[in-house]
Amino acid sequence: MQSKWPGGPVSGPPHLCISSVAEWNPLPKSDAVKNQTRLSLFYLTKAAVKSQEHLWHANFSDDEIALIATYFGGAIVQQTEELQQRQILVVCSSGIGTSQFLLLQLRNRYPQVHFTGPLSTAECLQFPLDDVSLVITTTSRQYFQDITCPVLSISPLPTAQEWEELHNRLLELNFPVDTELRENVREIIDIISDYAKIEDMNGLLKGLNNYFYRKSHQMKINSRQSPSDSLLKYVTYCSNAIPVNQHQEKPAWQQAIQYACQPLLQGHFIVQSYIDRIIALLSRYGDYMILGKGVLLAQAKTKDGVLASSVALTLFRDPITMQSGKEIRCIICLAPQNQHDHLDFLALLLQKLNDVEWCKTLFNRSSQNELESFIWQSMDNS
């Protein structure tokens, strides 16, 4: 069969018809949805072609339209596969605690997005970036100057502003986030455009997306991440100034790290090299272990000196000033023996630190007994 296009005829396979479109499988869906998708594609293509036939002075048969639809379908499949292959790297300077903590939150917020990691900074610099659309890191962006893809630096416990910045970045990169919300925004835009002139469409879209995102989004802890207090071995309240070792010329924040990790060292859960590595990482990469709200999650890699999985929590009466000038009052020393057995504790910690009243109550504890009672009660009630 032939249709007369300007410049000559175009031939199509004589056996191609609507039933061929129904047998075509462009998208990985259920059979019923597949059939509906194929037919919808055919009729959408037909509507588009018919509206342009007068330009070509030609009438296209259903068989020819079906052939054109297969090309559109192929482009859709290619675009879908490219989107599915894209990934986001989650990077920490070293250790698995901080990056696992962030990764846990990211996967809860965006289950449709492929997050890879956690990787150390060195591993990221060696990672093939062909299919990487974004690097999210808890360290400074200065360590990624040679990386060609975008880099977003956020804290292990992101602020509302950081979550919003990440969300906007994912939208810009066309990741499948909040698809239902985006459809609702489009419907609102349609209603507005019926009654008013929109002068800044992009600005309005961004504003509505941000508004509904803040209104509707709540962090959800996956049900399989049940709270666990088995890792928490020591709870300590430091009511005095940090005991200073006069023979060591170390900044106060380094001695605070040593003090907070000391119970695990004395309990033979870690060795001194683990504490030294934590201090070295903070000295080199900055205060990336600070979760915000005055809490620092001190951790390194298992190979740096973990003998058994454990956690120690220390609350200081007086604030500790870190090298960046930020102040902390709580240090949580996390010593995981693998990448899995501390996730329950991290999930619980995330839940508590997102509770403003819980944090306020924590910092108001003024004795060892008060702190122990509050922490263990929090664990039991979770």
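The values are calculated or read from the model by the stated rules, or taken from the named source; none is laboratory data. Since the structure is predicted, the reported quantities are computational estimates derived from the model, not experimental observations. Note that we place each Cβ from the backbone using ideal geometry, even for glycine, and neighbour counts take in every protein chain shown.
Below, the figures for the structure above:
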item	result
Only listed residue being modelled with pLDDT of 90 or more, touching a Lys or Arg at 6+ places or on another chain (Cβ under 7 Å) and not assigned by TED's automatic domain parsing to the domain that holds Thr159, chosen from Asp304, Asp287, Asp276	Asp304
Test result for Glu372, closer than 19 Å to Gln262 by Cα and among the acidic types (Asp, Glu)	yes
Per-region count, segment 325-382, residues loosely packed, with under 15 Cβ neighbours inside 10 Å, over 24 Å from Leu106 (Cβ atoms) and of a type in the set (S, T, N, Q)	9
Top-ranked residue in segment 92-113 [being under 17 Å from Trp163 (Cα atoms) and among the hydroxyl-bearing types (Ser, Thr, Tyr); ranked as modelled with the lowest pLDDT]	Thr98
Selection count where residues are in contact with a strand residue (DSSP E or B) (Cβ under 9 Å, 6 or more places away or on another chain) and of a type in the set (D, E, K, R), scope segment 303-314	1
Qualifying residues in segment 315-324 (those that are in contact with a strand residue (DSSP E or B) (Cβ under 9 Å, 6 or more places away or on another chain) and not hydroxyl-bearing (Ser, Thr, Tyr)) - the one surrounded by the fewest Cβ atoms within 10 Å (Cβ to Cβ)	Pro319
Among residues of segment 120-172, those that are surrounded by fewer than 17 Cβ atoms within 10 Å (Cβ to Cβ), in contact with a helix residue (DSSP H, G or I) (Cβ under 9 Å, 6 or more places away or on another chain) and assigned to a helix (DSSP H, G or I), counted	4
Flag for Thr116 being modelled with pLDDT of 80 or more, under 21 Å from Ala300 (Cβ atoms) and either touching a strand residue (DSSP E or B) at 6+ places or on another chain (Cβ under 9 Å) or not assigned by TED's automatic domain parsing to the domain that holds Ile332 (or both)	no
Elements of type helices (runs of 4 or more DSSP H) in segment 284-382, at least 3 residues being more than 23 Å from Leu102 (Cβ to Cβ) and out of contact with any Pro (no Cβ under 6 Å at 6 or more places or on another chain)	356-363, 368-380
Residue check for Ile279: in a strand (DSSP E or B) and of a type in the set (Val, Ile, Thr)	no
Pairs where the first residue, in segment 116-128, is under 18 Å from Pro150 (Cβ atoms) and of a type in the set (S, T, N, Q) and the second is at pLDDT below 80 and not in a strand (DSSP E or B), C-beta under 6 Å, 6+ apart	Thr121/Ser93; Thr121/Tyr143
Residue ID - surrounded by the most Cβ atoms within 10 Å (Cβ to Cβ), chosen from residues in segment 278-308 that are aliphatic (A, V, I, L, M) and within 16 Å of Phe345 (Cα to Cα)	Leu296
